[in-house]
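Have a look at the structure below before the remarks.
The values are calculated or read from the model by the stated rules, or taken from the named source; none is laboratory data. None of these values were measured; they are calculated from a predicted model. Quick reminder, even Gly has a Cβ in these numbers, built from the backbone with ideal geometry, and neighbours come from all protein chains shown. These accessible areas exclude ligands, DNA and RNA; they are computed on the full protein's heavy atoms, side chains included. Shrake-Rupley method; radii C 1.70, N 1.55, O 1.52, S 1.80 Å.
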Amino acid sequence: MLPTDDALLAALTTLVSRAGRAILDVSRDALAVREKADHSPVTAADSAAQEVIAEGLARLLPGVPVVSEESDDNAGRGFGAATFVLVDPLDGTREFVKGIDEYTVNVAIVEAGRPTAGLVFLPARGALYR
């Protein structure tokens, strides 16, 4: 089990804030909306947030697997009682593309099949829930 202490929550808060900034920094002209296999949209903003989060988690929680909507790493893998991090770097891409501010950056630590920490950040509103 990971010690989910104040220092880890602070570091994860900084990480989701940086991912949110990466989303906001993507020019509306550079979105380059593509369609994933499930017909949902994905943009350069999704990729930018994914990159920030992946790099940050590798530093903060080395060796802990990450399951992310924007990565095939660990896709379909069962974790049982193992600890992993669940990520959606830009949840609400359709809203983001339409210019609606109801999208989030989501990160959760899951241990033994149960979430032990979770952060939901709304970059356009500057609101964080953890």
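A few points about this structure:
- Karplus (6.51, -1.76, 1.60) ³J(HN,Hα), θ = phi - 60°, over the range 113-126, in Hz, Gly and Pro reported as x: x, 10, x, 10, 7, x, 10, 10, 10, 9, x, 5, 9, x
- Taking amide hydrogens as placed 1.01 Å from N in the peptide plane, the amide H of T116 sits under 5 Å from those of I109, V110, E111, each at least 5 positions away in sequence or on another chain.
- Rolling a 1.4 Å probe over the protein heavy atoms of the range 42-130, with every protein chain left in place, gives an accessible area that is 50 percent carbon and sulfur.
- Placing unit charges on the Cβ atoms only, positive for Lys and Arg and negative for Asp and Glu, gives the range 6-129 a dipole magnitude near 160 debye about its Cα centre.
- Axis angle, to the nearest 10 degrees, between helix 44-60 and the longest C-alpha principal axis of the chain: 20 degrees.
- Rounded to 5, percent antiparallel among DSSP beta bridges of the chain: 85
- Spin-label zone in the range 23-51 - amide nitrogen under 18 Å from a point set 7 Å from the Cα of D101 along the C-beta vector: 23-28
- Between the Cα long axis of helix 6-25 and the first principal axis of the chain there is an angle of about 20°, rounded to the nearest 10.
- Electrostatic tally near A81: other residues with Cβ closer than 12 Å to its Cβ, Lys and Arg +1, Asp and Glu -1, net 0.
- Per-residue ³J(HN,Hα) for the range 88-97, Karplus 6.51 cos²θ - 1.76 cosθ + 1.60, θ = phi - 60°, Hz, x for Gly and Pro: 10, x, 8, 8, x, 4, 4, 5, 4, 4
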